[in-house]
Amino acid sequence: MPSPRFPIPQGTLDMLILQILSLEPTHGYGIAQRLEQISKSVVQVNQGSLYPALHRLEQKGWLQAEWKESETGREAKFYSLTRTGRKQLAEEKDSWSRLATAVQLIFEEGSK
Amino acid sequence: MIRRLLNWFRRAGLENDLERELRYHIDRSAADLVAAGFPEHEARRRAAAEIGRITQVQEEVRDVWLTRWLRDFIYDLRYSARSYLRTPGFTATAVLSFALGIGATTAIYSLVDQILLHSLPVREPERLVLIDWKGDTAGGGFGTWNLMSYPLCRELQTQNRIFEGVLCRAATTVNLAAGGEPRPVTAELVSGTYFGVLGVGPAIGRVLGPDDDQTPGTSPVVVLNYDFWQARSTAIPISLGRKSSLTSTR
């Protein structure tokens with residue numbers, strides 16, 4: 001049995017998708033796999049919620065999609081970051097780290 | 001804006017895309033599970049279970065498209081409302097031109113609809129012609145009113161070289177008294193050839209024939225319009241062959 005996984009926090013899925021796509025363009029299944037690998041099966045991503053998120057990000061103009069031949073030879077819809085998507089990712093990373101630092105500080109303050 | 005319009009037209013394409021995308025995901029997932037040692041049908045079952053109900057995913061993605069379209073639509077509406085409010089003069093002009101344009105088009109359409117598209121409910125409406133005077137001295141010098149003298153009309157009825165049949169008619173108002181108070185009703189004075197030429201028959205009884213207008217002043221006959229008969233038969237007790245009083249109002 002795998003260790004208990006906790007569901008991904010609301011709103012962070014978009015950020016994770018942007019992060020994965022900043023490494024290389026890939027299709028939905030590829031993103032799902034990368035999420036599994038990177039998070040070492042700690043975070044549970046409902047694969048069904050991946051596609052609405054992808055389409056939402058595409059509508060926002062942060063992603064662009066293109067049908068290309070995949071590694072199996074079959075055509076798949078590949079997503080890649082747009083320039084605004086890249087900017088958005090940088091912003092999200094920045095605010096995330098500030099939030100994490102702040103939470104860390106508060107915890108340390110309490111334990112002193 | 002253009003892309004959004006295209007999106008509307010590409011709705012079917014979007015649906016298709018989404019289905020292909022999800023099918024790819026499940027197929028890949030199942031293939032990987034098979035490679036990991038699962039039997040084929042078990043692999044497919046697991047792959048499908050992982051992504052959840054396909055229809056549910058499709059619904060959610062559609063919601064994403066729709067919210068986007070709706071939001072854009074509302075933004076466009078707000079934007080245009082604001083720009084119209086900023087230039088009330090232009091707005092008034094535009095609205096007025098639209099109103100006039102739509103009004104004129106509707107008027108012309110109703111006219112064309114009446115005249116060209118709705119043909120008369122007679123046997124061969126396309127073969128009917130209207131004979132009219134050109135000039136400004138017909139009648140009492142009042143110009144042309146589709147007026148034709150009765151002798152000329154009778155004369156035309158005797159020929160058979162140009163027309164198969166000739167009918168004459170004149171609209172008028174008469175007072176109809178059938179066992180009660182006289183009431184004004186619209187009527188038509190017609191020649192005996194009227195029903196024969198139009199090819200219209202009676203619901204009951206008989207229509208006018210050429211025999212009915214041979215001698216002037218004898219046995220006037222009336223044919224009631226079907227709707228009139230239906231509507232008034234209770235109010236005015238008219239029956240076949242009954243004598244009624246008609247007086248001209250002119």
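If only one of A:ARG34, A:ARG74, A:ARG83 is open to solvent by 30 Å² or more (accessible area, probe 1.4 Å), within 21 Å of B:GLU15 (Cβ to Cβ) and of a type outside the set (S, T, N, Q), which one is it?
Details: A:ARG34 fails: within 21 Å of B:GLU15 (Cβ to Cβ); A:ARG83 fails: within 21 Å of B:GLU15 (Cβ to Cβ).
Residue meeting the stated conditions: A:ARG74.
Return a yes/no flag: does segment A:58-81 have any residue that is away from chain B (no Cβ under 14 Å) and modelled with pLDDT of 90 or more. Full working, then the answer.
Start the filter on segment A:58-81 by keeping residues that are away from chain B (no Cβ under 14 Å), which leaves A:80-81.
Filter again for modelled with pLDDT of 90 or more, leaving A:80-81.
Yes, some residue in segment A:58-81 is away from chain B (no Cβ under 14 Å) and modelled with pLDDT of 90 or more.
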For A:SER49, indicate whether it is within 12 Å of chain B (Cβ to nearest Cβ), surrounded by 14 or more Cβ atoms within 10 Å (Cβ to Cβ), in contact with a His (Cβ under 8 Å, 6 or more places away or on another chain) and modelled with pLDDT under 90. no
Just to check your reading of the model, which residue among B:ILE74, B:ILE26 is more than 14 Å from every other protein chain (Cβ to nearest Cβ) and either in a helix (DSSP H, G or I) or out of contact with any Asp or Glu (no Cβ under 9 Å at 6 or more places or on another chain) (or both)? B:ILE74
Hey, any hits in segment B:50-58 for a residue that's closer than 30 Å to A:HIS55 by Cα, open to solvent by 90 Å² or more (accessible area, probe 1.4 Å), outside any helix (DSSP H, G or I) and in contact with a helix residue (DSSP H, G or I) (Cβ under 8 Å, 6 or more places away or on another chain)? yes
Which of the residues that make up segment B:91-116 are of a type in the set (A, V, I, L, M, F, W, C) and at pLDDT 90 or above? B:ALA92, B:ALA94, B:VAL95, B:LEU96, B:PHE98, B:ALA99, B:LEU100, B:ILE102, B:ALA104, B:ALA107, B:ILE108
Restricting segment B:36-49 to residues that are over 16 Å from A:TYR29 (Cα atoms) and in a helix (DSSP H, G or I), which is farthest from the other protein chains (Cβ to nearest Cβ)? B:HIS41
Where a residue in segment B:53-65 is more than 7 Å from chain A (Cβ to nearest Cβ) and its partner, wherever it lies, is part of a helix (DSSP H, G or I) and loosely packed, with under 13 Cβ neighbours inside 10 Å, with Cβ under 8 Å and at least six apart: B:GLN58/B:GLU19
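The values are calculated or read from the model by the stated rules, or taken from the named source; none is laboratory data. Quantities reported herein were computed from a predicted structural model and do not represent experimental measurements. Reconstructed Cβ throughout: ideal geometry from the backbone, glycine too, with neighbour counts over all protein chains shown. The area values use the complete protein model at the heavy-atom level, side chains included, leaving out ligands, DNA and RNA. Shrake-Rupley method; radii C 1.70, N 1.55, O 1.52, S 1.80 Å.
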